[in-house]
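Heads up: the structure comes next, in structure tokens.
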């Protein structure tokens, strides 16, 4: 159903309105609007004063599609909420709505934009137009009041919301949809939308190297899309700059190992600061293996066989003095360490690294295994979940930051020059 929601003023006056080259007379704009908009129902929001002075103009049309809706004067907060309730109650899920704010008094035009934004989100309503009959401009337009459609400003709320969602969470589904609304299979808009979706998927699924690579394409893709969409340059440019600024820190070509590790660490911080604990702790564990490999002076190789010795070296150091995992009757000792484990065990920070690895495991395992490790009766509670967060806050991240700083692997605009001697 297509509904018009219009506000009725208290001073009817003969006006000639102009829309798309044609003119429409009306003592109130709703009367003219009726002439050039197809609708199923027109809801006329009417105060007591407007009902007495102006409603007879519309009542005389004898159009049973026009319905009066009584609203309070809106002189205080309670009155404004009353108007809100009156409007929301008249609109059903999925309907098409046209707002007319021409005769909206005081704050009603502002509220109409909020109503529109709320209805789009809460009831999946399509806002077809927001009209303003500019009767005050008639003298400047040969006696004809131009009709202005302000609905593009509602679209700006969608862009702002989608941009904020992407910057705060890494989810670009909404923003990608706005960039390529017709789902074109190729071209500039497809490229921009697809770049955002790839970055989004990489961020959500914790794929740092794909993210680092794709981010390099982001700024030119958005610049091209801006020109293609012919958006209002200034607002979109600000949003584009916000997006690029938020993700430019993750650009990396993989050629400089220390820079790559710094960028990877910065992504751990980003996940952590955004409250994405699973991604943060998952990447933190992998980063720690990378960083230790680098400090051992060894090349980073992500094949399982090449990477396993370094993971076993760190986990071995963390096992020293504990029960042997393969020999329950024995204690794991320094002699059980592999070659790299022996070297790490000699570091001054070995105990600190050992505790960090243990704390990472104690946070990561319950999260990554989705509570499927507990054999005893589950008594999971908010308190236990809070303990995981507290351990991340108080034990994991402070120590991880300390290692990143100590090893010159914390992100900076000018990445550190790799050391010639990488041993602790």
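The values are calculated or read from the model by the stated rules, or taken from the named source; none is laboratory data. Please read these numbers as outputs of a predicted model, since none were measured by experiment. Reconstructed Cβ throughout: ideal geometry from the backbone, glycine too, with neighbour counts over all protein chains shown.
Out of 121, 96, which single residue is assigned by TED's automatic domain parsing to the domain that holds residue 46 and free of Cβ contacts under 8 Å to residues at least 60 places away in the same chain?
121
Within the stretch 172-195, can one find any residue that is at pLDDT 90 or above, under 14 Å from the mean Cα position of the chain (by Cα) and part of a loop (DSSP other than H, G, I, E, B)?
Checked against the condition, which is being at pLDDT 90 or above, under 14 Å from the mean Cα position of the chain (by Cα) and part of a loop (DSSP other than H, G, I, E, B), the stretch 172-195 yields at least one hit.
Restricting the search to the stretch 55-75, which residues are at pLDDT 90 or above, part of a loop (DSSP other than H, G, I, E, B) and either crowded, with 16+ Cβ neighbours inside 10 Å or under 43 Å from the mean Cα position of the chain (by Cα) (or both)?
Passing the criteria: only 65.
Give the residues of the stretch 24-54 that are in a loop (DSSP other than H, G, I, E, B) and in contact with a helix residue (DSSP H, G or I) (Cβ under 8 Å, 6 or more places away or on another chain), sorted by residue number.
Residues satisfying the conditions are 27, 28.
Starting from residues that are free of Cβ contacts under 8 Å to residues at least 24 places away in the same chain and touching a helix residue (DSSP H, G or I) at 6+ places or on another chain (Cβ under 8 Å), keep the ones in the stretch 318-339 and report whichever is nearest to residue 306 (Cα to Cα).
Result: 336.
Criterion first (in contact (Cβ under 8 Å) with a residue 40 or more places away in the chain, closer than 16 Å to residue 364 by Cβ, touching a helix residue (DSSP H, G or I) at 6+ places or on another chain (Cβ under 9 Å) and not in a loop (DSSP other than H, G, I, E, B)) does residue 263 satisfy it?
no
Of the numbered conditions (1) in a loop (DSSP other than H, G, I, E, B); (2) modelled with pLDDT of 90 or more; (3) buried (at least 16 other Cβ atoms within 10 Å of the Cβ), residue 9 fails exactly one; give the number of that condition.
Of the numbered conditions (1) in a loop (DSSP other than H, G, I, E, B); (2) modelled with pLDDT of 90 or more; (3) buried (at least 16 other Cβ atoms within 10 Å of the Cβ), the odd one out for residue 9 is (2).
Here are 216, 282: which of them is in the same structural domain as residue 166 (by TED's automatic domain parsing) and out of contact with any helix residue (DSSP H, G or I) (no Cβ under 6 Å at 6 or more places or on another chain)?
216
Looking at residue 23, is it modelled with pLDDT under 90 and either in the same structural domain as residue 122 (by TED's automatic domain parsing) or surrounded by fewer than 16 Cβ atoms within 10 Å (Cβ to Cβ) (or both)?
No: the conditions fail for residue 23.
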